[in-house]
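Accompanying notes for the structure given below.
Bear in mind that the values in this text are calculations on the coordinates, not laboratory data. These figures come from a predicted structure and were not determined experimentally. Because the Cβ atoms are built from the backbone with ideal geometry, glycine has one as well, and the counts that use them run over all protein chains shown.
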Amino acid sequence: MDKDITQRLVVVGGGAGGLELTVRLARKYRKNPAVTVTLVDRNPTHIWKPLLHEIATGSLNGNHDETSYLMLAKKFKFSFVMGSVEHIDTDAKQLRLAAVTEANGDSLVNERQLGYDKLVLSVGSICNDFGTPGVMEHSLLLDTRVQAERFHTQFVSQLHRINAQSGDADTQDNYDASLSLIIVGAGATGVELAADLHSVAEQLPSYGFNTFSRDKLRVQLIEAGPRILPALPERVSASVHTELTELGVEVLTDTRVSAIEAQAINTADGRVLDANLVVWAAGVQAPAFLGDSGLPVDRIGRVHVTDQLLVQGHNDIFSIGDCCACEMPDGGYVPPRAQSAHQMASVAYKNIVRQLDGKPLKTFLYKDLGSLISLSKFSTVGNLMGNLMRGTVFVEGWLARLFYLSLYRMHQLAIHGWWATSLIMLNDRLYKATRADIKLH
Ligand SMILES: Cc1cc2nc3c(=O)[nH]c(=O)nc-3n(C[C@H](O)[C@H](O)[C@H](O)COP(=O)(O)OP(=O)(O)OC[C@H]3O[C@@H](n4cnc5c(N)ncnc54)[C@H](O)[C@@H]3O)c2cc1C
């Protein structure tokens, strides 16, 4: 590569895929003044998205598991720009970052432009309400940390309400107070949330919620299709269904939600189901600014990429993770999963380096290594696939748990390296030994 040419590599979105890619690029070019690496994210810290349902229930403290982008930028010598990208001018090679205003409406930072030579779009996905009335007004979402914390605040408030009402022996007011939750969407997010809620409920009496017991928690998991976990093998789906039912989760399949109201949902077959809290986890779409910027997108707004992860028609823009539509040889699309983002980050890294070196690009081929579903402390179930296994192998119990936990550790390893990840693991142990198992504030 010509050392006189300055290449501005800009990654938008420091999530499961984008952050791993940024760190690898920064490490590669840290001693090369001709290449700069910049990460743009709308948040100051990174949280691995598959942990969000645990932040929502309180089984994880987001403050402990977050990583500061500025700290990583200092360590690996890349630039971090905090801001929300709202438009891409692909001709001028400029990003437009939204203005930032204070809570009282005063302007804090004006709208800004940021130039790039090569761009990576890894902005993930957001909730898809499929046009269902009331979703945005009356349900809780789990796409961002702010949303997970909003759920947590409301969940804990409800727990305090039940505890106070149930213990009000003088007035006998509402003595059998209970908490009813409806989760719409029985994919991995909905299923894991349902199990984790029961896990937290079981621990509550030991935290002073003396009158609380699991039978006061009613969780209904609603799925429009004929079975839960529709993207996973039937055996996994059936096993998880049985486990959830044994926990007390009410699973309603073939149930289409037609509208959401305050504290209730309407189903297409005319039923009204009441709930204190409704969570919408039924589908994803890509952020609208991608299509609005003129990039080629599919019906849920994902950017069409080639098998080299280049945005179709744009030789200087890559896209990885949930926000891209990457067709596989069998005609299907790479699923929106953390393992997909991880694999794509690895190939995008190689292709950016190869492009700068004037070499031919590599083809991305998604390898499905299987999927694991954590039913909190109760069980872990899934299927594994890979070179060592012929076909798909069903796993559950401690082995499945080990593989499940290793997914997050692999992500940490890709960002922090062996030494720092070992220290983080040690720190996690110490943290667990000295703090409460659930966050109730
Ligand atoms: C509750 C939950 C549980 C899950 N569990 C699993 C699981 O067990 N296994 C699994 O494989 N997958 C799981 N997933 C899916 C997985 O989290 C995603 O597939 C994965 O995070 C996608 O990675 P990504 O890099 O594409 O996007 P993300 O990890 O979502 O990162 C996107 C980043 O872009 C930033 N961003 C977004 N828009 C902008 C903008 N306009 N400007 C600047 N920055 C922006 C965001 O702040 C974020 O940091 C789960 C998802 C959820 C919500």
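Suppose each label sits 7 Å from its Cα in the direction of the beta carbon; what would the E111-F394 distance come out to in nanometres?
In this crude label model, E111 to F394 measures out at 5.6 nm.
Quick check for me: using +1 on Lys/Arg Cβ and -1 on Asp/Glu Cβ, what's the dipole size of region 45-163 about its Cα centre, in debye to the nearest 20?
The calculation lands at about 460 debye.
Remind me, relative contact order of region 371-431 in percent, using alpha carbon pairs under 8 angstrom and six or more residues apart?
Here the relative contact order equals 23 percent.
Report the full-extension gain for the segment A259 to A99: residue separation times 0.36 nm, less the Cα-Cα distance, to one decimal in nm.
This chain segment gains 54.2 nm when fully extended.
If r is the Cβ-Cβ distance from A433 to R8 and R0 is 41 Å, what FRET efficiency results, to the nearest 0.05?
It comes to 0.35.
Give the lysines reachable from K31 as a straight Cα distance under 29 Å; neighbours fewer than 8 places away on the same chain don't count.
K3, K74, K75, K77, K93, K118, K350, K359, K362
Based on Cβ point charges of +1 for Lys and Arg and -1 for Asp and Glu, what charge dipole magnitude is obtained for region 205-306 about its Cα centre, in debye rounded to the nearest 20?
Approximately 120 debye in magnitude.
Quick query: amide H of V251 versus all other amide H atoms, modeled in the peptide plane; which residues come in under 5 Å with a sequence gap of 5 or more or a different chain?
So V251 has HN proximity to L221.
Calculated FRET efficiency, L426 and R150, Cβ-Cβ r, R0 30 Å, to nearest 0.05?
Efficiency, from the Cβ-Cβ distance: 0.40.
With only alpha-carbon atoms in the gyration tensor, what are the semi-axes of the equivalent ellipsoid for region 1-158, in Å, largest first?
Whole-Å semi-axes of the equivalent ellipsoid: 32, 19, 14.
For Cα pairs less than 8 Å apart in space and 6+ apart in sequence, what is the mean separation divided by the residue count of the chain, i.e. the relative contact order in percent?
The normalised contact order for the chain reaches 16 percent.
Taking 0.36 nm per residue of separation and subtracting the Cα-Cα distance, what length does fully extending F130 through L70 add?
Full extension from F130 to L70 adds 18.0 nm.
So what is the orientation-averaged projected area of region 1-82, using the convex hull of its C-alpha atoms, in nm²?
Approximately 5.5 nm², given one-decimal rounding.
Working from the alpha-carbon coordinates of region 246-405, get Rg over Rh, Rh being the Kirkwood radius.
1.06
Once the principal axes of the Cα atoms of region 359-441 are found, what is the range along each, listed largest first in whole angstroms?
On the principal axes, region 359-441 reaches 50, 37, 24 Å in Cα extent.
Taking other Cβ within 10 Å of each residue's Cβ, how do K359, K77 sort, fewest first?
Neighbour counts put them in this order, fewest first: K359, K77.
Subtract the Cα-Cα distance of D215 and R271 from 0.36 nm times their separation in residues, and report this length gain in nm to one decimal.
17.8 nm
Rg (Å, one decimal) plus Dmax (Å, integer) for the alpha carbons of the chain?
22.9, 82
Which whole-number percent of Cα pairs in region 135-280 have a distance greater than 22 Å?
Every Cα pair in region 135-280 considered, those over 22 Å come to 42 percent.
In whole angstrom, note down how far apart the Cα centers of region 295-366 and region 107-151 are.
21
How large is the charge dipole for the chain, taken about the Cα centre, if only the Cβ atoms of Lys, Arg (+1) and Asp, Glu (-1) carry charge, to the nearest 20 debye?
So the magnitude is around 2180 debye.
Pull up all non-local amide H partners of Q7: gap of 5 or more, or a different chain, and H-to-H distance under 5 Å with H placed in the peptide plane.
V35, T36
Given a cut-off of under 8 Å on Cα pairs at least six residues apart, what relative contact order in percent is computed for region 135-280?
Once normalised by length, the contact order is 28 percent.
Quick one: if you stick a label point 7 Å off each Cα along the C-beta vector at L402 and A231, how many nm between them?
Each label point is offset 7 Å from its Cα along the Cβ direction, giving 2.7 nm.
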